[in-house]
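The values are calculated or read from the model by the stated rules, or taken from the named source; none is laboratory data. In this text, all values refer to a predicted model and were calculated from it rather than measured experimentally. Note: ideal-geometry Cβ built from the backbone for every residue, glycine included; neighbour counts use all protein chains shown. Only protein heavy atoms, including side chains, enter the accessible area calculation; ligands, DNA and RNA are left aside. Shrake-Rupley method; radii C 1.70, N 1.55, O 1.52, S 1.80 Å.
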Amino acid sequence: MKITILGCYAATPRSFTNPTSQVLEMKNHLFLIDCGEGTQVQLRRNRIKISKIRHIFISHLHGDHFYGLVGLISTFRLLNREQELHVYGPKGIKEIISLQLKLANSWTNYPLIFHELQSKEQELLYEDDKLSVKTIPLKHRVYTNGFLFEEKPGERKLLVHEAQRLNIDKTLFKSLKKGKDVVSEDGELIPNSMVTSDPEPVKSYAFCSDTVYDPEIVPMIKRVTALYHESTFLEEQHELAFPTKHSTAKQAASIARDAGVQHLILGHYSTRYSDIELFRTEASEIFQNISLADDGKEFTF
Ligand SMILES: [Zn+2]
């Protein structure tokens, strides 16, 4: 599982920082999460294979999270894309994007499918045999969702030598990998645990931006491999966090601690701060395993 941060700063693009966007690579998928202004340039700069993007998840309709979307959709058209593109985002996103395409008379020549969200409960957005994607309802100034990406457990690992030693026919290997007991050529019942070991542990990623401090999300993100949680402010400016419905570094760390996550990635820093290390310092008092997102940074788990 690999996360590439394309942009992780709040509000306005600057000469050397970008608003929110990131790419998650999981089980051969390339998911784009949020698409702030400048996302296309960042995708190129970070050498992401953009034709592999089939699903785009937009957390909310504040500009710093989706102003790059219409540009990317239009570029896909210029690149003669044929594959479907699925866009998941708040109700209204279809109208915004369609209006721009309509007035420019530049409809896409590939299927552009919107999945508009309005539920305040957790929803399943996508699922295949390898993974699932669900919403994490967040509390912000407008309707907002985070996203939870979870791998499904793979097959059990076959201990080939052991299976051969016990004289198990090769045609039964598939059943063994699925966890079933089998009968050997000698007529003996072989318990599955004798010839297989546990599958690789599953990985999961929770993206939570933007949101006020909200302990209600904790049960949804329990023990995830990595949590990206916004930390727009430091505690010093905590009086700004609640009215703008954002979190501080300390609050993000409290959520990570309470959910027992493995890694916390901080981001969505207000551009008022010149040294983002201050976010790590503050969060470290509550939670140990912290990384700071920064534009162009990659995280592999
Ligand atoms: Zn916002």
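Of the residues that make up segment 241-254, is at least one within 21 Å of F299 (Cβ to Cβ), in contact with a Leu (Cβ under 9 Å, 6 or more places away or on another chain) and not small (G, A, S)? No, there is no match, as no residue in segment 241-254 is within 21 Å of F299 (Cβ to Cβ), in contact with a Leu (Cβ under 9 Å, 6 or more places away or on another chain) and not small (G, A, S). Please go through segment 141-157 and give me each residue that is small (G, A, S), surrounded by fewer than 19 Cβ atoms within 10 Å (Cβ to Cβ) and in contact with a Leu (Cβ under 7 Å, 6 or more places away or on another chain), ordered by number. Across segment 141-157, there are no qualifying residues. A single member of V133, V212, V183 is of a type in the set (A, V, I, L, M, F, W, C), away from the ligand (no atom under 16 Å from the Cβ) and in contact (Cβ under 8 Å) with a residue 12 or more places away in the chain, and it is V133. Residues that are away from the ligand (no atom under 16 Å from the Cβ), in contact (Cβ under 8 Å) with a residue 60 or more places away in the chain and among the hydroxyl-bearing types (S, T, Y) within segment 1-16 comprise just one, T4.
Filtering segment 261-271 to residues that are at pLDDT 95 or above and open to solvent by 40 Å² or more (accessible area, probe 1.4 Å) leaves Q262, H263.
Looking at segment 196-215, can you tell me whether even one residue there is surrounded by fewer than 14 Cβ atoms within 10 Å (Cβ to Cβ), under 30 Å from G63 (Cα atoms) and out of contact with any strand residue (DSSP E or B) (no Cβ under 6 Å at 6 or more places or on another chain)? The answer is yes, given that some residue of segment 196-215 is surrounded by fewer than 14 Cβ atoms within 10 Å (Cβ to Cβ), under 30 Å from G63 (Cα atoms) and out of contact with any strand residue (DSSP E or B) (no Cβ under 6 Å at 6 or more places or on another chain). For H55, the requirement of being more than 15 Å from the ligand (Cβ to nearest atom), under 15 Å from the mean Cα position of the chain (by Cα) and at pLDDT 95 or above is met.
From Q118, Q100, grab the single residue that is at pLDDT 95 or above, within 19 Å of S209 (Cα to Cα) and either within 16 Å of the ligand (Cβ to nearest atom) or polar (S, T, N, Q) (or both).
Details: Q100 fails: within 19 Å of S209 (Cα to Cα).
Result of the check over Q118, Q100: Q118.
Taking the stated definitions as given, is T248 modelled with pLDDT of 95 or more and open to solvent by 10 Å² or more (accessible area, probe 1.4 Å)? Taking the combined requirement at face value, the residue does not satisfy it. Taken together, the residues in segment 169-203 that are acidic (D, E) and not in a loop (DSSP other than H, G, I, E, B) amount to 0.
Which numbered condition in (1) at pLDDT below 95; (2) open to solvent by 60 Å² or more (accessible area, probe 1.4 Å) is the only one that E123 fails? The number of the failed condition is (1).
Would you mind stating whether L138 is touching a residue at least 24 places away in the same chain (Cβ under 8 Å), within 16 Å of the ligand (Cβ to nearest atom) and surrounded by 13 or more Cβ atoms within 10 Å (Cβ to Cβ)? Quick ask: steps written out before the conclusion?
Working: touching a residue at least 24 places away in the same chain (Cβ under 8 Å): yes; within 16 Å of the ligand (Cβ to nearest atom): yes; surrounded by 13 or more Cβ atoms within 10 Å (Cβ to Cβ): yes.
Taking the combined requirement at face value, the residue satisfies it.
Scan segment 141-168 for residues that are in a loop (DSSP other than H, G, I, E, B) and either free of Cβ contacts under 8 Å to residues at least 24 places away in the same chain or within 16 Å of the ligand (Cβ to nearest atom) (or both) and the total you get is 4. Residues in segment 101-120 that are part of a helix (DSSP H, G or I) and either open to solvent by 100 Å² or more (accessible area, probe 1.4 Å) or hydroxyl-bearing (S, T, Y) (or both): K102, L103.
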